[in-house]
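Engineer: Pasting in a structure now, in C-alpha cells, and then I'll have a few things to ask.
The values are calculated or read from the model by the stated rules, or taken from the named source; none is laboratory data. Here the structure is a predicted model, which is why all the values come from computation and not from measurement. Here the Cβ is made from the backbone with ideal geometry for all residues, glycine too, and neighbour counts use every protein chain on show. Only protein heavy atoms, including side chains, enter the accessible area calculation; ligands, DNA and RNA are left aside. Shrake-Rupley method; radii C 1.70, N 1.55, O 1.52, S 1.80 Å.
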Amino acid sequence: MSNWGRWGPEDEAGTLNLLNPESVLGAVRTVRQGRVVSLAQPIGPSTSVPPHRHAPRRFMDRDAGDYALGARSPDGFRFAEDTITLASHTSTHLDALAHAWTGDELYNGHPAASLRSTRGASRCGADKLRPIVTRGVLLDLVAANGGPLQQSTPVTATDLETACKRIEVVIGAADAVLIRTGWWETHRGAHEYHDNEPGLTDDAAAWLTERDIALVGADNYAIEVQPSPPGTTFPAHITLLHQHGIPMLENLDLAELGAAAASTFLFVAAPLLLQGSTASPLNPVAVL
C-alpha cells in the first residue's frame, strides 16, 4: 500500500494535501493559553553536522569594522549584513519528498532522473512543500519512560500505541505527530548526536501511515532508529517519504513542549520555497 496516485499523477506534496480549512479550524480550537513555543534547534557556525555535510558558515559583508576603517556613513547611517551557507538538511529542517527513494522513481512515480546537480530537484523538491497549520500531537517517550531513551532504542508501533493511550489522544488525519526521545537534550552539540540514535522502527512508521498523518517529526537527526536493522538502510525513510509522501521533520527541540505537558496544540511551520532543494530549514512552533 502507498499514496502513489492518491492525489493524482502530478502530485508532489504528498500528505500535505490533507491540510484543509476544516483541519486548520479544528487545530485552532486546541489553543488554550496563547503561549508560543519554538521547536527549533539553534543554527550557526558551531552547529554540529554529520561527517558528510558541510557545516554552516557566516560571512560578514558589512560590519562595524568597515566603519572603523573609514567606510562611508551617509548622514551617520550605518548597517550590517551577512551571507550564510548551509546544507539544507542542517539543524531543524523538513525533508522534501525528493530526499529519499529506492529504484528509479521518487514518490508518486516521478523519475529519479529529475534530480540533477545542475538544477537540483525538479520534482518533489522543497519548493513543492506547503505552509503547515494543523493539530500537533506530542508523543512524549521521555515522560513515559521516566527519562531519555538510550542509544539505539527502537520505538515500535506498540510503543506509539501505548504513548497515545497514556495521553488519551487518538491520532487522526492531517495531524503532525512529534516524538520526544530526549536524544537532543542529552547530546546537543556532541559528535555522538549523529550516531546510534533511538527512533522509529519500520513497523512504527507503517503504523503512522495507517493514521493518515500529515507529517512526523522527532528530536533526533533521522527520526528512525540507528543503526538500521541488518539488510536495510533507513527503511522508515522509504516507508514515510517514498511510499506515502509524508514529510519528515528532523532535529527538533521538544524539551520545552514536554515540560509544558502539552499533548495536543496548534502546530505551525512554513518551509522556505527553496527551488530544487531536498529539504528546508525552518522554525516550527507550537501554540498552546
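Engineer: Condition (residue is of a type in the set (Lys, Arg) and at pLDDT 95 or above) applied to the range 185-206: is it met by at least one residue?
Structural biologist: no
Engineer: If Leu240 meets every condition in (1) assigned to a loop (DSSP other than H, G, I, E, B); (2) modelled with pLDDT of 95 or more apart from one, which number is that one?
Structural biologist: All conditions pass for Leu240, except number (1).
Engineer: Oh, and also: Would you pick out the residues in the range 103-122 that are free of Cβ contacts under 8 Å to residues at least 12 places away in the same chain, open to solvent by 60 Å² or more (accessible area, probe 1.4 Å) and either closer than 21 Å to Asn196 by Cα or not in a loop (DSSP other than H, G, I, E, B) (or both)?
Structural biologist: Correct list: Glu105, Arg116.
Engineer: Need pairs with beta-carbon distance below 8 Å; first residue more than 27 Å from Gln243 (Cβ to Cβ) and within the range 84-98, second among the aromatic types (Phe, Trp, Tyr) and open to solvent by 10 Å² or more (accessible area, probe 1.4 Å); sequence gap 6+ or separate chains.
Structural biologist: Ile84/Phe59; Thr85/Phe59
Engineer: Would a scan of the range 15-32 turn up a residue that is free of Cβ contacts under 8 Å to residues at least 24 places away in the same chain, open to solvent by 40 Å² or more (accessible area, probe 1.4 Å) and part of a loop (DSSP other than H, G, I, E, B)?
Structural biologist: yes
Engineer: Name the residue that is nearest to Ala269 (Cα to Cα), counting only residues in the range 124-177 that are part of a loop (DSSP other than H, G, I, E, B) and among the small types (Gly, Ala, Ser).
Structural biologist: Here the answer is Ala174.
Engineer: Which members of the range 192-250 meet the condition of being under 24 Å from Pro281 (Cβ atoms) and among the aromatic types (Phe, Trp, Tyr)?
Structural biologist: Those that are under 24 Å from Pro281 (Cβ atoms) and among the aromatic types (Phe, Trp, Tyr): Tyr193, Tyr221, Phe234.
Engineer: Next up: Restricting attention to the range 141-148, does a residue exist that is open to solvent by 10 Å² or more (accessible area, probe 1.4 Å), within 21 Å of His93 (Cα to Cα) and out of contact with any Cys (no Cβ under 8 Å at 6 or more places or on another chain)?
Structural biologist: No: the range 141-148 contains no residue that is open to solvent by 10 Å² or more (accessible area, probe 1.4 Å), within 21 Å of His93 (Cα to Cα) and out of contact with any Cys (no Cβ under 8 Å at 6 or more places or on another chain).
Engineer: Determine the pairs where a residue that is in contact (Cβ under 8 Å) with a residue 12 or more places away in the chain, located within the range 56-76, has a partner that is surrounded by fewer than 10 Cβ atoms within 10 Å (Cβ to Cβ) with Cβ atoms under 6 Å apart, the partner being 6 or more residues away or on another chain.
Structural biologist: As it stands, the answer is Phe59/Thr83; Asp61/Glu81; Asp61/Thr83; Arg62/Glu81, since those pairs meet every condition given.
Engineer: Has the range 150-157 got at least one residue that is more than 21 Å from Asp11 (Cβ to Cβ), out of contact with any helix residue (DSSP H, G or I) (no Cβ under 9 Å at 6 or more places or on another chain) and without any contact (Cβ under 8 Å) to a residue 60 or more places away in the chain?
Structural biologist: Scanning the range 150-157 turns up at least one residue that is more than 21 Å from Asp11 (Cβ to Cβ), out of contact with any helix residue (DSSP H, G or I) (no Cβ under 9 Å at 6 or more places or on another chain) and without any contact (Cβ under 8 Å) to a residue 60 or more places away in the chain.
Engineer: How many residues does the range 190-212 hold that are within 16 Å of Thr47 (Cβ to Cβ), open to solvent by less than 60 Å² (accessible area, probe 1.4 Å) and of a type outside the set (A, V, I, L, M, F, W, C)?
Structural biologist: Of the residues in the range 190-212, 2 are within 16 Å of Thr47 (Cβ to Cβ), open to solvent by less than 60 Å² (accessible area, probe 1.4 Å) and of a type outside the set (A, V, I, L, M, F, W, C).
Engineer: Being open to solvent by 50 Å² or more (accessible area, probe 1.4 Å), in contact (Cβ under 8 Å) with a residue 60 or more places away in the chain and under 30 Å from Thr162 (Cα atoms): is that true of Arg135 here?
Structural biologist: Answer is yes for this residue.
Engineer: Taking Pro42 and the conditions (1) open to solvent by 60 Å² or more (accessible area, probe 1.4 Å); (2) touching a helix residue (DSSP H, G or I) at 6+ places or on another chain (Cβ under 6 Å); (3) under 20 Å from Leu282 (Cβ atoms), which numbered condition does it fall short on, given that it satisfies the others?
Structural biologist: The one condition Pro42 does not meet is (2).
Engineer: Could you tell me which residue of the range 53-101 is farthest from Ala214 (Cα to Cα), considering only residues that are under 22 Å from the mean Cα position of the chain (by Cα) and open to solvent by 80 Å² or more (accessible area, probe 1.4 Å)?
Structural biologist: Arg57
Engineer: Looking only at residues in the range 216-254 that are among the aliphatic types (A, V, I, L, M) and without any contact (Cβ under 8 Å) to a residue 60 or more places away in the chain, which one is surrounded by the most Cβ atoms within 10 Å (Cβ to Cβ)?
Structural biologist: Leu240
Engineer: Here are some residues: Gly125, Gly172. Which one is touching a residue at least 60 places away in the same chain (Cβ under 8 Å), more than 15 Å from Ala236 (Cβ to Cβ) and out of contact with any helix residue (DSSP H, G or I) (no Cβ under 8 Å at 6 or more places or on another chain)?
Structural biologist: Residue meeting the stated conditions: Gly125.
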